[in-house]
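J.: Okay, here's the structure, questions in a sec.
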Amino acid sequence: MVIGGDGYCGWATALHLSNKGYEVAIVDNLVRRLFDHQLGLDSLTPIASIQNRIRRWKSLTGKTIQLYVGDICDFEFLSEAFKSFEPDSVVHFGEQRSAPYSMIDRSRAVFTQHNNVIGTLNVLFAIKEFSEECHLVKLGTMGEYGTPNIDIEEGFITITHNGRTDTLPYPKQASSFYHLSKVHDSHNIAFTCKAWGIRATDLNQGVVYGVRTDETAMHGELSNRFDYDGIFGTALNRFCVQAAVGHPLTVYGKGGQTRGYLDIRDTVQCVELAIVNPAKPGEFRVFNQFTEQFSVNELAKLVMAAGAKLGLEVQTKSVPNPRVEAEEHYYNAKHTKLMELGLEPHLLLDSLLDSLLNFAVQYKDRVDTAQIMPNVSWKKMSTKPKTVSV
Ligand SMILES: O=c1ccn([C@@H]2O[C@H](COP(=O)(O)OP(=O)(O)O[C@H]3O[C@H](CS(=O)(=O)O)[C@@H](O)[C@H](O)[C@H]3O)[C@@H](O)[C@H]2O)c(=O)[nH]1
């Protein structure tokens, strides 16, 4: 069961698992499409409706993906989906995943935490009630750890304090209401593993880039979404679109912000590896899911160089940072557990950057340049509903 199977990572994962012979159901309330309508945003790539996506997949491959449209915060809906599909594994992508969205105003902050925390709680209750053996594969985020001045471990750290030693959850220092929602989820999941014997894997994923996977490239109607706006667009994908339309690359502040990154083709691989090698009953595992670390400045340099090769004149501009985050910091995060399970990373080589840039150029007429600059400020956030004007 892929919850959030209509979104960026979820759609690619649902198709990948279906292609690999798994019986797949998508559970999704389609709210990601509603956010676009409400905020006047759109994917760079045209995307088909979920029904047409699934029909096209069936006509191309003969494989059926079941669809349950509804909200997992509604426990009755989720119960019916569980009873009808009887999942062995649940992959949970079904959360509001944008940090800027969660910082627009009070109501978006509350929505994000309610939607994410209650949705995950319901999934935990559904597993306990209907499918005790079911393995939960939950998308967490590297942002749960923040940017501490020591190495980041995979979920746990062994500490000696006043002569005694214990292995404890790694300290969490999230820096948006969205990232905090994932911290709260992790605590709830860890507790239910202990209390109810649930088996769970928390995938602390880094920033994803790219768009095509083997399956989504098979047909236009299987195309994945590609966000480039200031709310849902993530760093490298945004920079590629900016380069394609001749907009200076928007480095926030000093640009020393360093994060773990991965290709979307590795997202789908990692999820499959977690499913094939499930956690044991009662086990709460944490994997750091990224393949390489980059600072924002490093990404901008790579895109400038790749752009020059394609004859694009790419400039970089530091814009005032709309977020509250360290702009120069130590960053060294472990990420060996998925490699030990057999992950074969697609590293960010010139070839991928070329093809991403070409992809952005191909769709550049669809770019609304008014959506590029960031317009959500961490500091100016207020209780007043922020309405969007045209
Ligand atoms: O135009 C831009 C966009 C971003 N940044 C900077 O790039 C870094 C990453 O920002 P992002 O928007 O690419 O990613 P983020 O907000 O962290 O969120 C994304 O990446 C997270 C993983 S992580 O960053 O927490 O490891 C996931 O959890 C989220 O769902 C996903 O939207 C930040 O320091 C941000 O200030 C820029 O300098 N310029």
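The values are calculated or read from the model by the stated rules, or taken from the named source; none is laboratory data. For clarity, every value in this text was computed on a predicted model and none was experimentally measured. Because the Cβ atoms are built from the backbone with ideal geometry, glycine has one as well, and the counts that use them run over all protein chains shown. Ligands, DNA and RNA are stripped out before the accessible areas are found, and what is left, the full protein with its side chains, is counted by its heavy atoms. Shrake-Rupley method; radii C 1.70, N 1.55, O 1.52, S 1.80 Å.
J.: What percent does the relative contact order of the chain come to when contacts are Cα pairs within less than 8 Å and at least six residues apart?
T.: Numbers: 759 pairs, mean separation 81.7, N = 390.
Taking the mean separation of contacting Cα pairs over the length of the chain, I get 21 percent.
J.: Can you list the lysines whose alpha carbon is less than 27 Å from that of residue 384, not counting same-chain residues fewer than 8 positions off?
T.: Of all the lysines, those that pass the test against residue 384 - Cα under 27 Å, at least 8 places apart if same chain - are 182.
J.: With a 1.4 Å probe and every protein chain left in place, work out the accessible area per residue of the chain in Å², rounded to a whole number.
T.: Numbers: 16880 Å² over 390 residues.
Computed with neighbouring chains in place, this is 43 Å² per residue.
J.: Next question. Picking from 197, 155, 260, which is most flexible by a Gaussian network model of the chain using Cα springs under 10 Å?
T.: Result for the chain, Cα springs under 10 Å: 197 fluctuates most.
J.: Before rounding to the nearest 500, sum -39500 (n - 2.57) across all DSSP H runs of length at least 4 in the chain and divide by the residue total; then give [θ] at 222 nm in deg cm²/dmol. Please report the intermediate quantities before stating the final value.
T.: On the way: 12 runs with 148 residues, N = 390.
It comes out at -12000 deg cm²/dmol, rounded to the nearest 500.
J.: Aspartates and glutamates within cross-link reach of residue 254: Cα-Cα under 13 Å, excluding same-chain residues under 8 positions apart?
T.: Within the straight-line cut-off, residue 254 pairs with 298, 325, 327, 328.
J.: Of all GluC sites (Glu not before Pro) in the stretch 289-324, which ones are in loop regions per DSSP and have a Cβ with at most 15 other Cβ atoms within 10 Å?
T.: On the way: sites: 292, 298, 313; in loops: 313.
When the GluC sites (Glu not before Pro) of the stretch 289-324 are filtered for loop state and at most 15 Cβ neighbours within 10 Å, 313 remain.
J.: 5 Å is the cut-off here: which amide hydrogens, built 1.01 Å from N in the peptide plane, fall below it relative to residue 209, excluding neighbours closer than 5 in sequence?
T.: HN-HN under 5 Å from residue 209: 262, 263, 264.
J.: Count charges around residue 107 for me, please; just the other residues with Cβ under 11 Å from its Cβ, Lys/Arg as +1, Asp/Glu as -1.
T.: Values: positive: 106, 108, 384, 386; negative: 105.
Net charge in that neighbourhood comes out at +3.
J.: Further question: Collect residues whose amide H, placed 1.01 Å from N in the peptide plane, falls under 5 Å from the amide H of residue 89; neighbours closer than 5 in sequence don't count.
T.: 135
J.: Restricting attention to the stretch 284-390, which chymotrypsin sites (Phe, Trp or Tyr not before Pro) occupy a DSSP loop and are surrounded by at most 16 other Cβ atoms within 10 Å? Don't skip to the answer; put the middle values down first.
T.: Numbers: sites: 284, 287, 290, 294, 330, 331, 359, 363, 378; in loops: 290, 330, 331, 363, 378.
Filter output for the stretch 284-390: 330, 378.
J.: Positive end of the charge dipole of the stretch 2-371 (Lys, Arg +1 and Asp, Glu -1 on Cβ, about the Cα centre): tell me which of 281, 179, 122 has its Cα farthest that way.
T.: The residue sitting most towards the positive pole is 179.
J.: Can I ask one more? Summing Lys, Arg as +1 and Asp, Glu as -1, what charge do residues with Cβ under 15 Å from the Cβ of residue 139 carry, residue 139 excluded? Write out the running numbers ahead of the final one.
T.: Numbers: positive: 32, 97, 138, 182, 285; negative: 6, 28, 95, 144, 185, 202, 266, 272.
Cβ neighbours under 15 Å give a net charge of -3.
J.: Ok, one more. For the stretch 180-332, give the percent of accessible area contributed by carbon and sulfur heavy atoms, probe 1.4 Å, rounded to a whole number.
T.: 53 percent
J.: Which ³J(HN,Hα) values in Hz, rounded to whole numbers, follow from the phi angles of the stretch 110-118 under the Karplus curve 6.51 cos²θ - 1.76 cosθ + 1.60, where θ = phi - 60° and Gly and Pro get x?
T.: These are the phi-based 3J(HN,Hα) values: 5, 4, 4, 6, 5, 4, 6, 6, 5 Hz.
J.: Just the number, please: carbon plus sulfur as a percent of the accessible area of the stretch 1-159, 1.4 Å probe, no ligands or DNA/RNA counted.
T.: Details: 3020 of 6050 Å².
Summing carbon and sulfur atoms, their accessible area is 50 percent of the total for the stretch 1-159.
J.: Right, another one. Sequence neighbours fewer than 8 away in the same chain don't count; with that in mind, list the lysines whose C-alpha is under 20 Å from residue 280.
T.: Within reach: 128, 138, 194, 337.
J.: Taking the Cα centre of the stretch 2-371 as origin and charging only Cβ (+1 Lys, Arg; -1 Asp, Glu), how large is the dipole, in debye to the nearest 20? Don't jump to the answer; show the numbers that get you there.
T.: Details: 35 positive and 44 negative charges, 62 e Å.
I would put it at about 300 debye.
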